[in-house]
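Asks: Attaching a single structure in structure tokens format; questions to follow.
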Amino acid sequence: MIAGLSSELKKKIAEVVARYPKKEAAILPVLHLIQRETGAIGADEERWVAGLLEIRPIKVREVVTFYTMYHQKPVGRFHIQVCSNLPCSLMGGEKVIDHLQRRLGIKIGETTPDQRFTLSEVECLGACEQAPCMMINFDYYGDLTPEKIDGLLKGLD
Amino acid sequence: MACSKAWTRHVDEKILTEHFGLANLYEIEAYLERGGYRAVTKALQEMTPDGIMDEVKKAGLRGRGGAGFPAGMKWSFVPKTSDKPKYLCVNADEGEPGTFKDRYILTHNPHLLIEGIIIASFSVGIHAAYVYIRGEYEAVAQRLEQALAQAAQKGYLGKSILETGFDLDVFVHRGAGAYICGEETALLESLEGKRGHPRLKPPFPATVGLFQCPTVINNVETLANIPAIIQKGAPWFLDKGLAKDGGTRIFGVSGPVVRPGIYELPVGTSLREIIYTHAGGLKPGKKLKAVIPGGMSAPILKADEIDIKMDFDSLAGVGSMLGSAAVIVIDEATPILDVLKKVAKFYAHESCGQCTPCRIGTSWIHKIIKRMSAGHGEKGDVDELVRLASNIKGKTLCPMGDAASLPVLSLAQKFKNELESCLKDGSG
Ligand SMILES: Cc1cc2nc3c(=O)[nH]c(=O)nc-3n(C[C@H](O)[C@H](O)[C@H](O)COP(=O)(O)O)c2cc1C
Ligand code: SF4
Ligand code: FES
């Protein structure tokens, strides 16, 4: 909940806002910071950010819905984003996606019932030399094989 | 981010990746030991802003982000006197599929980019720069932030740099997942806190850019070349490449080759050499079918078209483009329909939606290809793809319309027979 933002975060937000000649320009970084703490950008967060940056809430909604990295609903504790673009698929990316779906028992776009995993398909992650690759939260993993994926999933607490 | 595996190989003399082997090059101490920040010192203490601009012009440095616009000329379009502040935006969005070179520069050699930023800003009269970095590169952004803090601490950023009276602040700005924000005017909108909707040009960013102020937008690799131009001079840089296209390029090779990775080689190195000598050729048992030579937006080349120099003009001459120099290798076992499907899905997903031909055209193309892929392709579908793609080309607000249509056209035309054999009537 937005009311509970830590004072440390609020300080960081103020620092970020000061980097721009117009407050509104800080919206992307501010949303990143908030989402990190709250897990998603819901209606409360939108209103709070609008107030902070002195813009209408609809402006925040426009941004949240345009950019794929903002979540309107929380994702699982481990957000797996697997690349489905050309270089990855040339190296067996489709098999990686199939394996992940089977292992987690969910389809692309779904979250496991225990809220542990969300699986998303994404466009090129900028790591095509390690194709096929994926991200788990903010960490990159490349040269994936079914065995490597099993090992990675096992290692998550 | 995992960059530990040695994907870089050292061949010949390097400009950007020279000391990549050094594990801690991103620390300012290690960078200084290798002669770092001498270019900044020379530029600020011994050169004039105009002198720097001239040197960059003479060096024949063309933009590494995709369009290949001469960097020195771009800087010279910014009005010399302006009652508004001027800005530099560094394009580190790196979203073009197949491209990962800027990540290497930012991860291994962030101070080289910072030097380039300082010199460019000094030359154009800029006091604030923003590095727009794709949202997924969080670890990379942190490394850059650390490098910036170190540079400021040593007096290379902030107030009166090297006591010359020149001030510069550099900020890192993370994107949030939208390919279109790599397009320069979409990047400006995004930096201003809006959706990434490209702007109509003119006015060009050089006069009306970020916050309506004069703005230079340059790619990471473009700016990272500046220190060497200042240190070693324009003739030296030009000599590394071709007559109008100086220096080296960081070619990124992906797909089923023996050694995928980045290779810094002279502008004009042949595509065959890049694939077979540097990347080690195709993996055992695989045969070359086609190559996308400059990121996904570049029209495809067939296996017998790879004896070509990799520079802007040579590739334009055969109807393709060098773009971001991302070489995507495709093997015989891959059906062209699968390639087409990925291309179509990408552009349908990433169209910002402002222009009808791009918004509707890309999803229509994707729909037809999905149908073909499911085995329900109909006679005339390939011609329909060509018709649709031709109707996007040249009819949109930003160059993404062309980027979406050109690869489809090249695939449909060069592999017409293979694609038609996937159609109901074609398969007999
Ligand atoms: C759809 C689209 C996406 C682009 N993405 C990038 C990108 O990710 N990185 C980049 O540097 N340039 C990208 N560009 C090119 C920029 O618009 C611009 O030309 C470039 O940043 C200018 O810098 P340069 O002259 O140093 O190359 C893109 C262009 C288009 C049309
Ligand atoms: S061409 Fe496509 S991406 Fe560019 S402005 Fe138009 S709709 Fe948006
Ligand atoms: S295609 Fe998967 S990271 Fe580039």
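The values are calculated or read from the model by the stated rules, or taken from the named source; none is laboratory data. Remember, it's a predicted structure, so these values are computed and weren't measured experimentally. Reconstructed Cβ throughout: ideal geometry from the backbone, glycine too, with neighbour counts over all protein chains shown. Ligands, DNA and RNA are excluded from the accessible area calculation, which covers all protein heavy atoms including side chains. Shrake-Rupley method; radii C 1.70, N 1.55, O 1.52, S 1.80 Å.
Asks: Given the whole protein assembly as supplied and a 1.4 Å probe, what does the accessible area of A:GLU24 come to in Å², nearest 10?
Replies: Probe radius 1.4 Å; accessible area of A:GLU24 about 40 Å².
Asks: Taking chain B as the reference, fit the longest principal axis to its C-alpha atoms, fit the long axis of helix B:356-373 to the helix C-alpha atoms, and give the angle between the two in degrees, 0 to 90, nearest 10.
Replies: It works out to around 50 degrees.
Asks: Counting only other residues whose beta carbon sits under 12 Å from that of B:GLY209, what net charge do I get with K and R as +1, D and E as -1?
Replies: +2
Asks: Here is a further query. Is the shape of the range B:284-428 rounded, prolate or oblate, going by the alpha carbon gyration tensor and its root eigenvalues a ≥ b ≥ c, with a/c under 1.5 for rounded and a/b larger than b/c for prolate?
Replies: Because a/c hits 1.5 or more and a/b fails to exceed b/c, the range B:284-428 counts as oblate.
Asks: What accessible area per residue comes out for chain B, rounded to a whole number of Å², with a 1.4 Å probe?
Replies: About 36 Å² of surface per residue is accessible.
Asks: Moving on. Scan chain A and hand back the longest stretch that contains none of the trypsin sites (Lys or Arg not before Pro) lying in DSSP loops with at most 14 other Cβ atoms within 10 Å.
Replies: Counting at most 14 other Cβ atoms within 10 Å as exposed, the longest clean stretch of chain A is A:23-106.
Asks: Would you work out what percent of the accessible area of the protein assembly as shown, with all protein chains in place, is carbon or sulfur (probe 1.4 Å)?
Replies: 52 percent
Asks: Could you pull out which residues in the range B:92-126 have an amide N less than 18 Å from a spot 7 Å beyond the Cα of B:ALA67, following the Cα-Cβ vector?
Replies: Label zone hits: B:92-96.
Asks: For a quick size check, give me the Cα extents of chain B along its three principal axes, largest first, whole Å.
Replies: 78, 46, 38
Asks: First check a/c for the range B:136-192, with a ≥ b ≥ c the square roots of the eigenvalues of its C-alpha gyration tensor; if it is under 1.5, answer rounded, and if not, answer prolate when a/b is larger than b/c or oblate otherwise.
Replies: Because a/c hits 1.5 or more and a/b fails to exceed b/c, the range B:136-192 counts as oblate.
Asks: Taking a probe of 1.4 Å, how large is the accessible area per residue of chain A, in Å²?
Replies: Per residue, chain A has 46 Å² of solvent-accessible surface.
Asks: Fully extended, how many nm does the chain gain between A:LYS95 and A:ARG36 (0.36 nm per residue separation, minus their Cα-Cα distance)?
Replies: 18.2 nm
Asks: Sticking with this structure for a sec: Could you tell me which of rounded, prolate or oblate describes the range A:78-155, using a ≥ b ≥ c as the square roots of the eigenvalues of the alpha-carbon gyration tensor, with rounded for a/c under 1.5 and, failing that, prolate when a/b is larger than b/c and oblate otherwise?
Replies: prolate
Asks: When the helix-only estimate is applied to the protein assembly as shown (DSSP H runs of n ≥ 4, each -39,500 (n - 2.57), divided by the residue count), what is the mean residue ellipticity at 222 nm, nearest 500 deg cm²/dmol?
Replies: It comes out at -12000 deg cm²/dmol, rounded to the nearest 500.
Asks: Treating the range B:248-331 as a set of equal point scatterers at the Cα positions, no solvent, please give the Debye-formula log₁₀ I(q)/I(0) at q = 0.15, 0.18, 0.27 Å⁻¹.
Replies: One equal scatterer on each Cα of the range B:248-331 leads to -0.42, -0.62, -1.50.
Asks: By the scheme Lys and Arg +1, Asp and Glu -1, what is the net charge of all other residues having a beta-carbon under 13 Å from that of A:GLY76?
Replies: Net charge around A:GLY76: +1.
Asks: While we're looking at this one, here's another question. Could you work out how far the C-alpha centroid of the range A:11-37 sits from that of the range B:294-368, in angstrom?
Replies: Cα centroid of the range A:11-37 versus Cα centroid of the range B:294-368: 36 Å apart.
Asks: Oh, and also: Residues of the range A:1-39 with amide nitrogen under 15 Å from the 7 Å Cα-to-Cβ point of A:GLU54?
Replies: Within reach of a label on A:GLU54, which here means backbone N under 15 Å from a point 7 Å along Cα→Cβ, the range A:1-39 contributes A:17-27.
Asks: Quick one: net charge around B:ASP402, please, counting Lys, Arg +1 and Asp, Glu -1 for every other residue with C-beta under 10 Å from its C-beta.
Replies: Overall, the nearby charge balance is +2.
Asks: State the extension gain, in nm to one decimal, for the chain segment bounded by A:ARG19 and A:ILE108, taking 0.36 nm per residue of separation less the distance between their alpha-carbons.
Replies: My answer for the length gained is 28.3 nm.
Asks: Quick one: Kirkwood hydrodynamic radius for the range B:375-428, alpha-carbon pairs, angstrom, one decimal?
Replies: 11.7 Å
Asks: By how many degrees, 0 to 90 and rounded to 10, does the Cα axis of helix A:27-38 deviate from the longest principal axis of chain A?
Replies: Long axis of A:27-38 versus the principal axis of chain A: about 70 degrees.
Asks: In percent, what relative contact order does chain B have, based on Cα pairs under 8 Å that are 6 or more apart in sequence?
Replies: Computed value for chain B: 16 percent relative contact order.
Asks: Round to the nearest 10 and give me the degree value, 0 to 90, for the angle of helix A:43-53's Cα axis relative to the longest principal axis of chain A.
Replies: 50 degrees
Asks: Roughly speaking, what is the centre-to-centre gap between the range B:190-258 and the range A:133-152 when only Cα atoms are used, to the nearest Å?
Replies: Centre-to-centre (Cα) distance: 32 Å.
Asks: Sticking with this one: Does anything in the range A:1-43 have its amide N under 15 Å from the 7 Å Cα→Cβ label point of A:ARG61, and if so which residues?
Replies: Inside the label zone: A:41-43.
Asks: Which of the cysteines in chain A are isolated, no other cysteine C-beta under 4.7 Å?
Replies: So, A:CYS124, A:CYS128, A:CYS133.
Asks: So, one more: As a test of the definition: with a 1.4 Å probe, what buried accessible area, both sides summed, do you compute for B against A, in Å² to the nearest 100?
Replies: Summed over both sides, the interface buries about 4000 Å².
Asks: If I model a spin label at B:LYS424 and B:PHE171 as a point 7 Å from the Cα along the Cα→Cβ vector, what separation in nanometres do I get?
Replies: Taking the two extended label points, one gets 5.8 nm.
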